[in-house]
Amino acid sequence: LGEKTGFINKKGKKYTMWNTDVFKAHIETTDPLYISIPFYLATDCNNNYGIYFDNSYKSFFDFRVNQKGEYTFGALGGKLDYYFISGNNSKDIIKKYTKITGKMNIPPKWSLGYHQSRYSYASEVEVKKLSSNFREKNIPCDVIHFDIHYMDDYRVFTWDKNNFPRPKKLINELAEDGFKVVNIIDPGVKKDPEYEVYKKGVKNDYFCRYLDGKLYTGDVWPGESVFPDFTKKAVRDWWSDLHQKLLNIGVNGIWNDMNEPAVFSKTNTMDVEVVHENDGSPDLHKRFHNQYALLEAMATYRGIKKYKKERPFVLSRAGFSGIQRYAATWTGDNRSIWEHLKLSIPMLLNMGVSGLSFSGADIGGFTGDSNGELLTRWTQLGAFMPFFRNHSSLQTKNQEPWSFAEKYEKIIKKFITLRYQFMPYIYNLFYKASETGVPVVRPLFLEFPDDKKTYTISYEFMIGENILAAPVYEPDQDKKLVYLPKGNWINYFSGDKYEGKKYIIEDTPLSNMPLYIKSGSILVLTEKSNYIGEKETKDLNINVFLDEKVASKNYSLYEDDGISYDYKNGDYNHKIFSYTKENERIEFNIKNSNCKYKNNYNKYLFSFENISFKPGEIYVDGKKKEKWNYNPQANSLNLKINTNKENIVIM
């Protein structure tokens with residue numbers, strides 16, 4: 001059901017689909033929230049199905065099973081159109097659901113880096129100081145967000161000339177230091193007869209009206225405002241074009257906020273009796289309310305694609321099924337409290353299962369004062385969530401990575417850096433999500449459908465198929481109960497090995513988050529950097545975690561330039577790494593099924609862990625290799641080869 005609080009299993013409760021601005025602190029029973037996805041997945045390990053209720057009116061899903069063993073779903077209007085989706089397993093259901101509503105596009109690679117935001121960095125001086133601190137401290141960061149105070153009295157598509165007198169110069173300077181810029185744009189347009197956006201919108205009848213022709217207005221940040229009718233193609237095209245000036249001076253992405261749409265009123269949103277023209281098939285807002293943000297995101301996405309001519313990055317607070325085609329999402333206005341750190345884990349897993357792979361939560365919490373320990377633990381979680389942004393509210397303590405004691409800053413820097421080292425693995429998962437719809441981060445049951453225990457675990461998750469994370473979400477927790485599914489597992493930080501399908505007690509010092517590599521896996525990492533594309537990568541690290549019970553394994557790696565659409569013309573690499581193991585012989589092969597993108601690196605740096613024998617000879621493409629390093633204490637082997645090689649034999 002998309003963005004819902006509580007455990008992953010929604011059985012026994014009733015939920016409403018109605019996009020809602022929830023500024024008050026949400027708890028496990030708060031419903032509805034910002035995003036409505038009328039899709040659910042049901043499984044009992046052996047049987048699987050999904051229901052997508054294709055209806056945009058306010059709807060409900062009531063899983064409070066009655067005496068007949070029945071549950072219900074319905075809506076306050078529209079047709080009873082729904083898809084029954086069958087499949088062999090839960091992944092099949094997700095693949096078919098996203099075939100109906102659309103799969104995400106491969107995002108620009110920089111958008112997978114670390115984002116820093118605040119409501120608001122309110123001046124050019126403040127932004128420059130922020131960017132300098134990141135680079136001086138060598139804390140990686142790719143993106144700085146500009147919240148509403150960059151505007152002239154909250155007028156969208158404008159700049160405050162006093163605090164941001166030279167926006168183009170500022171953005172160019174940030175770009176020289178490796179920063180991308182994302183600007184917030186709300187749908188509310190200030191009612192001001194001297195404001196060009198308002199004048200043109202009224203002249204062309206682009207704003208929402210009542211049936212009697214009266215213009216609808218509602219109070220938001222600029223005061224009395226009007227709202228574009230995004231159900232009209234002409235309005236979406238106009239809105240797309242309004243982004244041109246921002247994009248031409250270097251703005252890289254757009255953040256759509258307040259698009260539930262939120263209004264400062266008793267109803268908290270637009271009057272449901274407002275009429276949307278819908279290109280000649282008019283209907284009331286109560287039909288289009290849940291789709292309003294989706295249609296705005298569509299217009300924003302197309303504007304960036306048109307004027308930047310590169311992969312767009314759009315971030316949307318609200319959405320409906322299909323929003324994944326146009327925007328990343330986040331869980332809205334959370335709090336700087338431990339309960340919200342905990343709540344965010346199943347919320348994001350639910351969003352992934354619901355097609356929203358590119359999602360995150362405000363790291364450190366949006367409102368209230370964070371602290372060093374909370375920010376550290378939240379950053380550890382965020383480093384492995386798809387969207388990785390630290391965001392905080394006006395008049396709260398600053399919570400940039402260096403805002404608390406040095407001991408916290410050091411650990412926070414470590415995990416942000418780790419995000420960049422894992423970038424090849426993470427980017428590869430985004431590519432796969434664009435192809436299959438299967439999410440980047442996954443509930444355990446998606447990878448271990450035969451293990452009934454995984455269906456009740458809401459606070460651990462898989463990052464792809466090979467990595468399990470068990471974040472710490474309580475203060476002063478130096479021990480944690482962790483469930484490891486079937487297989488053997490290796491603690492990434494300590495190297496400790498564990499047998500799966502049982503619970504373990506793991507040490508959880510503040511410096512580490514429980515992170516486990518599935519034994520037998522191939523893991524591709526890269527060098528640390530301060531931002532995507534900072535320097536040419538010299539080596540690609542291929543880590544092979546051998547397992548006595550795993551005789552063979554393969555891993556496919558996708559690579560492209562990370563920004564353009566050249567990959568659609570075949571300009572990408574698709575490499576398949578595989579190994580077979582028998583007795584005291586390991587053979588590793590590299591197959592280039594497509595290799596049209598030129599890499600920056602020309603060396604593979606191999607690390608074979610848990611080798612069960614002492615290597616005597618190593619051959620690369622049939623020639624004996626003289627230089628390699630074997631550590632008998634760690635049972636590990638390191639060697640470097642050129643990227644044009646295809647075969648390694650260890651014996």
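Residues are listed down the side, and each one gets a yes or a no for (1) within 22 Å of ASN183 (Cβ to Cβ); (2) crowded, with 19+ Cβ neighbours inside 10 Å; (3) in contact with a His (Cβ under 9 Å, 6 or more places away or on another chain); (4) modelled with pLDDT of 95 or more:
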residue: PRO282; (1), (2), (3), (4): no, no, yes, yes
residue: LEU294; (1), (2), (3), (4): yes, yes, no, yes
residue: TYR301; (1), (2), (3), (4): yes, yes, no, yes
residue: LYS306; (1), (2), (3), (4): yes, no, yes, yes
residue: PHE320; (1), (2), (3), (4): no, yes, no, yes
(request) Filter the stretch 106-155 down to the residues that are among the acidic types (Asp, Glu) and either part of a helix (DSSP H, G or I) or in contact with a Cys (Cβ under 6 Å, 6 or more places away or on another chain) (or both), then identify the one that is surrounded by the fewest Cβ atoms within 10 Å (Cβ to Cβ). (result) GLU136
(request) Within the stretch 449-470, identify whether any single residue is buried (at least 16 other Cβ atoms within 10 Å of the Cβ), in a strand (DSSP E or B) and charged (D, E, K, R), and answer yes or no. (result) no
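Condition check ((1) touching a Leu at 6+ places or on another chain (Cβ under 7 Å); (2) open to solvent by 10 Å² or more (accessible area, probe 1.4 Å)) across all residues:
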| site | (1), (2) |
| --- | --- |
| ILE323 | yes, no |
| ARG335 | no, yes |
| TRP338 | yes, yes |
| GLY352 | no, no |
| ILE363 | no, no |
| GLY368 | no, yes |
| LEU375 | no, no |
(request) Considering every residue within the stretch 361-381, establish whether at least one is among the hydrophobic types (A, V, I, L, M, F, W, C), over 25 Å from ASP476 (Cα atoms) and assigned to a helix (DSSP H, G or I). (result) no
(request) Identify, by number, the condition in (1) under 30 Å from PHE448 (Cα atoms); (2) open to solvent by 30 Å² or more (accessible area, probe 1.4 Å); (3) not hydrophobic (A, V, I, L, M, F, W, C) that TYR57 doesn't meet. (result) (1)
(request) Give the residue, chosen from GLU273, GLU296, GLU260, that is assigned to a loop (DSSP other than H, G, I, E, B), closer than 18 Å to ILE37 by Cα and out of contact with any Cys (no Cβ under 7 Å at 6 or more places or on another chain). (result) GLU260
(request) Could you please let me know if ASN55 is of a type in the set (S, T, N, Q), at pLDDT 95 or above and assigned to a loop (DSSP other than H, G, I, E, B)? (result) yes
(request) Run down LYS623, LYS614 and say which single residue is more than 20 Å from LYS591 (Cβ to Cβ), charged (D, E, K, R), without any contact (Cβ under 8 Å) to a residue 40 or more places away in the chain and out of contact with any Ser or Thr (no Cβ under 8 Å at 6 or more places or on another chain). (result) LYS614
(request) Within the stretch 89-105, work out how many residues are assigned to a loop (DSSP other than H, G, I, E, B), on the phi < 0 side of the Ramachandran plot and surrounded by fewer than 23 Cβ atoms within 10 Å (Cβ to Cβ). (result) 3
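The values are calculated or read from the model by the stated rules, or taken from the named source; none is laboratory data. Remember, it's a predicted structure, so these values are computed and weren't measured experimentally. Here Cβ is always computed from backbone atoms with ideal geometry, including for glycine, and neighbour counts include all displayed protein chains. Quick note on the areas: whole protein, heavy atoms, side chains included, nothing else; ligands and nucleic acids left out. Shrake-Rupley method; radii C 1.70, N 1.55, O 1.52, S 1.80 Å.
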